[in-house]
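Below is one structure, written out as structure tokens, with a few remarks after it.
What follows is calculated from the coordinates using simple rules that are stated; it is not laboratory data. These figures come from a predicted structure and were not determined experimentally. Positions of Cβ are backbone-derived with ideal geometry, glycine not excepted, and every protein chain shown enters the neighbour counts.
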Amino acid sequence: MWCVPHLDQEFIARMEDVLRLYARRLDPTQPVICLDEKPLVLHGSKRSGRGVRPGQVARRDYEYRRLGTANAYCIVEPLTGRRLTHATPRRGYREFAHALTKIDRRYKRAKIIHLVVDNLSIHCEKACTPCERRTRRGRPAPERPVRRAP
């Protein structure tokens with residue numbers, strides 16, 4: 001496989017745990033949420049292209065100007081197919097905490113939010129702490145067990 005060095009017992013146990021979670025019935029008080037992010041390179045055109053004309057497609061030059069980077073978060077509830085996306089200028093634990101805040105706001109009635117993430121270093125307790133303080137404003141924050149996909 002592309003990134004699995006070998007299939008040991010820990011890998012198999014973690015994968016089975018995630019698959020059991022996906023096989024659960026839909027429960028609005030305990031949603032299963034997957035969260036991932038992707039770094040993006042922003043491009044701009046060096047030269048303006050030619051517009052569309054009757055019988056001819058628009059043309060664009062292959063040269064581009066690099067305009068920096070961004071990060072796109074994708075939050076998916078696999079049992080319903082719901083998606084929530086947003087972009088941030090960088091990828092750090094504060095941005096991850098902001099994504100957790102968006103999840104908490106979206107699932108206000110949830111008692112437990114089952115969160116599935118990968119093993120990126122920013123997916124840590126440090127990111128969860130500021131999120132706990134600001135999401136519920138007087139209401140108790142939901143329990144958020146985190147499962148790391150193998």
Check: C-alpha center the stretch 41-67 vs C-alpha center the stretch 6-38, spacing in Å is 42 Å
Computed over all unlike Cα pairs, the Kirkwood hydrodynamic radius of the stretch 59-125 in Å stands at 14.3 Å
Net charge near residue 46 (other residues with Cβ under 12 Å of its Cβ; Lys, Arg +1; Asp, Glu -1) is +2
Computed on Cα atoms only, the convex hull of the stretch 1-59 has an orientation-averaged projected area in nm² of 10.1 nm²
